[in-house]
Amino acid sequence: MMLFTLILLPLVGGVIACWSQRVHQDAPKWIASLCLLLSLAFLISIKLFTSMDPSNLWLVDETLAWIPRLNISAHFAMDGLSFVLILLTLLMGLVGLSSAWNEISQHSGFFYGNFLWTLAGIIGVFLAMDLLLFFVFWEVMLVPMYFLIAIWGNENRRYAALKFFLFTQAGGLLMLLSIVALAVLHYQQTQILSFDYQVLVQSPIDSEFAKWICLGFIIAFIVKLPAFPFHSWLPDTHTQAPTPASIILAAVLLKTGGYGLLRFVLPLFPDASQFWSPLMMGLAGISIIYGAMMAFSQTDLKRLVAYSSVSHMGFVLLGCFSLNFYALQGAVMQMLAHGVSTAALFMLVGLIQHKFHTRDLNQLGGLWSTLPKLSAMGLFFGMASLGMPGLGNFIAELLVLIGTFKQAPMFALVATSGLILAAVYSLRMIQKSFFGVSVNADENRENKTGHTSKQIITDLNAKEKITLMLMCLSLIFMGLHPQPIFNLVNGSLIEIASLFQASFQPEILLIEVQL
Amino acid sequence: MSLHFLPAMIISITILILLLAIALKRAHNLAYVITGLGLIGAFFSQCILLYLPNSSDGLFAFSPVSSLLSLLMLSILIFLWLQLYAWLAKQKGHKEEFYLLLLLVSLGALGMIVSEHFASFFLTLELMSLSFVGLIAYSQDKPVSQEAGIKYLVLSAVASAFILMGIAILYLQTGSLAFEQVTNEVSSSSSIPLLSTTGIIFILIGLFFKLSMVPCHLWVADIFQGAPLPSTALLSTISKLASFVVLWKMFNLGGWQHDHIILEIIGLVAVASMLIGNLLALLQNNILRILAFSSISHFGYLLILLLLFNQDADLLENAEFPLEALIFYLSAYLITLTGTFTVLMQLEGKTKLEQLTGLFWTRPLHAASLSVLMLSLAGIPLTIGFMGKFYLVTATISNQVLWPLPFLVIASVIGLFFYLRIIMVMLSSINQVERSSASTTGERASLWFIIAVVMGLGTFPAFFAEIIKHTVR
């Protein structure tokens, strides 16, 4: 029942937080943070106290009957990959909480309830092993997210919330059709009706439909990722979402797309993935370049970061469809590093917006003189985003490029130019916001009577400083000593890679890795 | 007389008692209690009869499936009856006859679900339709309601005429009025003769009118909007349930879907209903009109299932699965719809979208249950609507009928837009703090019950699925 508890904790915490507003105005946030810390402690204790069996990928594996009529069970399991992603989810949940602390005052109980329910849904996505269960979590996590955007967002929030929901739902419906088709074809082939991943993965279907079923999954995942033709919801959603929702969205929700590709598409459809691989790598290449170029031309800071996400998530897509062990490692690393660095950038943008009531690059400038600490943090995470060696993003992008170069050098070449563009837009952002003429300083002097002028000057407070410092440290850790993370996920990735690389010898590599 | 007639007998006796009671003394309480006792009695007798073996007496045929559907109908009626007292108490004019008409509708629908003969089918259909005219035109002070009543009367008469004509043509061909004989006769020949096809199409037109499928849908929005709320609720649940069951029976017995003309018509109507229903609902500003149009599209989805019966293409080797899917989807949709009308009745006729503004902050429980219901209609997981959709998709895919699926996806996405619009309106903040009227314990209990049923059956559908599976076998 451990994994059930892990999902139930935020779920129940959300209900309590929602209710606790009646007791005290500040109670919901304390309950939310307590609940997240508790979940975190619980997750780590699961990891510590379950004996690591090297022959078995799955740390924990639990099943309960759910819909026996169609042989659907509530099957949860956790391996290294899910573990690191859930860890990321909970940590970024804490970051989101820290940024919500002073920002959310309206209906705070309902806010923290929705916040925790979103996280519960995301954890469910990372744990579900039955395809229908996975689908349920996949869709359900959107509903509280929708509320977060539609209630606490900026001026155009309804449009953004609707767009977000419709895009992901349309993808989700295609996935539902694919899930059912997959189960039916699997029944045809083996006479076993099952929606269970671990059963389905035993005998990949060999039907002409496999390609199209696979495409249904892929579309659902790359809408979420998001990759080039389906990305247009992301900038709108990010600009309108409240900062905590932005953080969760960028840091974790997008990763569910990458996770879906790694966990379901590649192992369930080895042949079909091979078939779609060139197209997907092409889309990834376009996403990288296009996202970077769009990021360059934005003046709204949130849109800029959002487009840079499109560019970075292109590397995840590229890594997944390079069908190569190193690239897969890179994709996972990119998910983690991008999760941390983008969450931090959104948090900083949120702080800037909170202090200056604008995100427009043209109205900002010279922040370093007024807000030195915030600007220093901005510089660091901007550097991380452009792939500075020594930080997690560099390791990730390098591994993706190495892996891709082995399979398809041309795509690697295209993607590499994305790195240069990343430097261009990151530096532009840093230059225009933190350095240069301090536009606001003058304005402040003029508006000295304005009630906000006092608020503007305050730099990071202790809580924000600690949060951001910890995020810096984790990025540096990922950049300097990524091996512990790779050790966690390698088991799952070797399994996937061995489907595609016939000559691939996991034993040798494992030894090499452990050395 | 077989024991199976017990529920209908109870309802008939209740009708007589109620007539007498009204003649002796007009009292709202009394009429309410008598109706309730009758409905609950019918419900429990139907429960007992659930797993009795099939029996038929030429006019009516009983099977576990028909019992389950009657049970579903009676539970919807009881739930609406519970809400009715508070609603009627606020209305002007006589109240007792409403219960009478309600019972007549129930009797008609009960008969229609088990009818096995064109004579019994037509009689029960007319009993139901004519009572509906009274129900729709019930509000004496609302001219819209009178208009809606007349509209329904005229159109329903036209539909009945079509059905009668169809029956006559089929009788001409086969010399019988029993469903089984007619349908067997019609489908036994290798291809259905053109005259029979014409007759079938006439009957289909009549039923499509009752189900408000495209292109016979033009009446539905005006009547939904004009009729008193409980009548609309009955019209959209009971009448459609009974009509759809008859439609299913004909397809199941006769295998009409094997005829390519009928197949094309059903396919066309299904796709048109899905798309047009949802498109029409897109920019409506009245929640009743939205519900009217969305019901068109929901029956469009259901129509796909009709094509799956008696096909030999089932990949899951489970010939009964389409029927299970049909019952599940139908129950899911009707339960959700009943819940929605209950909430609307409690909101005292606030049916314009702008009247719902900020409902989340003035009446949170009403808003929350309405949101859950809208998500269920949209088919979002953890609601019963999603499980219905899942059953439908599984049945469709396993029978290799793939062409409606793209339309289903498109229609669902369009549908999502206006269901979310309703939620969005309720979320928007209001400036002036409206006096939040306190809800009674009964209201709160019924709202919690709705949420519990819609989400409970959506999250743990195993029990319900087993019942359906057991019934269908």
Check: Which of the residues that make up segment B:155-177 are closer than 17 Å to B:Leu247 by Cα and either touching a Cys at 6+ places or on another chain (Cβ under 8 Å) or outside any helix (DSSP H, G or I) (or both)?
Finding: B:Ala159, B:Leu177
Next item on the list: For residues that are outside any helix (DSSP H, G or I) and either within 14 Å of chain B (Cβ to nearest Cβ) or touching a strand residue (DSSP E or B) at 6+ places or on another chain (Cβ under 6 Å) (or both), tally how many sit in segment A:57-103.
Entry: 18
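Quick grid of which residues meet (1) small (Gly, Ala, Ser); (2) over 21 Å from B:Glu324 (Cβ atoms); (3) surrounded by fewer than 15 Cβ atoms within 10 Å (Cβ to Cβ); (4) at pLDDT below 95:
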| residue | (1), (2), (3), (4) |
| --- | --- |
| B:Ala27 | yes, yes, yes, yes |
| B:Ser45 | yes, yes, no, yes |
| B:Leu52 | no, no, yes, yes |
| B:Val65 | no, no, no, yes |
| B:Ser70 | yes, no, no, yes |
| B:Leu82 | no, yes, no, yes |
| B:Trp87 | no, yes, no, yes |
| B:His94 | no, yes, yes, yes |
Check: Any residue in segment A:46-55 that is at pLDDT 90 or above, assigned to a helix (DSSP H, G or I), more than 30 Å from A:Val23 (Cα to Cα) and of a type in the set (A, V, I, L, M)?
Finding: no
Margin query: Condition (residue is under 23 Å from B:Thr441 (Cβ atoms) and touching a residue at least 40 places away in the same chain (Cβ under 8 Å)) applied to segment B:92-107: is it met by at least one residue?
Written below: yes
Next item on the list: Identify, from the list B:Tyr138, B:Tyr99, the residue that is of a type outside the set (Val, Ile, Thr) and not in a helix (DSSP H, G or I).
Entry: B:Tyr138
Next item on the list: Take segment A:158-187 and flag every residue that is free of Cβ contacts under 8 Å to residues at least 12 places away in the same chain and either more than 10 Å from chain B (Cβ to nearest Cβ) or out of contact with any helix residue (DSSP H, G or I) (no Cβ under 9 Å at 6 or more places or on another chain) (or both).
Entry: none
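Let's see how each residue does on (1) polar (S, T, N, Q); (2) surrounded by fewer than 21 Cβ atoms within 10 Å (Cβ to Cβ):
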| position | (1), (2) |
| --- | --- |
| B:Ala378 | no, no |
| B:Thr383 | yes, no |
| B:Gly415 | no, no |
| B:Phe418 | no, no |
| B:Leu447 | no, no |
| B:Val453 | no, yes |
Notebook entry, point to check: With segment B:361-473 as the region, which helices (runs of 4 or more DSSP H) entirely inside it contain at least 2 residues that are more than 9 Å from chain A (Cβ to nearest Cβ) and under 29 Å from A:Thr168 (Cβ atoms)?
Noted result: B:364-378, B:384-398, B:404-427, B:441-459
Next item on the list: Please go through segment A:149-205 and pick out each residue that is closer than 29 Å to A:Ile247 by Cβ and in a loop (DSSP other than H, G, I, E, B).
Entry: A:Gly153, A:Asn154, A:Glu155, A:Asn156
Next item on the list: Name every residue in segment A:461-485 that is part of a helix (DSSP H, G or I) and among the polar types (S, T, N, Q), in order of residue number.
Entry: A:Thr467, A:Ser474, A:Gln483
Note to self: Anything in segment B:303-338 that is farther than 21 Å from B:Leu247 by Cα and more than 14 Å from chain A (Cβ to nearest Cβ)? List them, or say none.
What the structure shows: B:Thr336, B:Thr338
Margin query: Suppose we keep only residues that are assigned to a helix (DSSP H, G or I) and out of contact with any helix residue (DSSP H, G or I) (no Cβ under 8 Å at 6 or more places or on another chain) within segment B:1-28. Which one would you say is nearest to B:Lys95 (Cα to Cα)?
Written below: B:Ala23
Notebook entry, point to check: Looking at (1) within 19 Å of A:Leu173 (Cα to Cα); (2) away from chain A (no Cβ under 14 Å), which is the only condition B:Phe341 fails?
Noted result: (1)
Next item on the list: All but one of (1) more than 9 Å from chain A (Cβ to nearest Cβ); (2) of a type in the set (S, T, N, Q); (3) touching a helix residue (DSSP H, G or I) at 6+ places or on another chain (Cβ under 9 Å); (4) surrounded by fewer than 17 Cβ atoms within 10 Å (Cβ to Cβ) hold for B:Thr351, so report the exception by its number.
Entry: (4)
Check: Listed residues A:Gly291, A:Gly282, A:Gly319; which is crowded, with 24+ Cβ neighbours inside 10 Å and over 24 Å from A:Ala241 (Cα atoms)?
Finding: A:Gly319
Check: Which residues, counting only those in segment B:381-416, are aromatic (Phe, Trp, Tyr) and either modelled with pLDDT of 90 or more or under 19 Å from B:Phe360 (Cβ atoms) (or both)?
Finding: B:Phe386, B:Phe390, B:Tyr391, B:Phe407
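Per-residue answers, yes or no, for (1) free of Cβ contacts under 8 Å to residues at least 60 places away in the same chain; (2) crowded, with 19+ Cβ neighbours inside 10 Å; (3) in contact with a helix residue (DSSP H, G or I) (Cβ under 6 Å, 6 or more places away or on another chain):
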position: A:Leu3; (1), (2), (3): no, yes, yes
position: A:Gln25; (1), (2), (3): no, no, no
position: A:Leu37; (1), (2), (3): yes, no, no
position: A:Leu59; (1), (2), (3): yes, yes, no
position: A:His75; (1), (2), (3): no, yes, no
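One line per residue, one yes/no per condition, for (1) at pLDDT below 90; (2) more than 10 Å from chain B (Cβ to nearest Cβ); (3) surrounded by fewer than 23 Cβ atoms within 10 Å (Cβ to Cβ):
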| residue | (1), (2), (3) |
| --- | --- |
| A:Asp130 | no, yes, no |
| A:Leu133 | no, no, no |
| A:Val136 | no, no, no |
| A:Ala150 | yes, no, no |
| A:Glu155 | yes, yes, yes |
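The values are calculated or read from the model by the stated rules, or taken from the named source; none is laboratory data. Keep in mind it's a predicted model, so treat the numbers as computed, not measured. Reconstructed Cβ throughout: ideal geometry from the backbone, glycine too, with neighbour counts over all protein chains shown.
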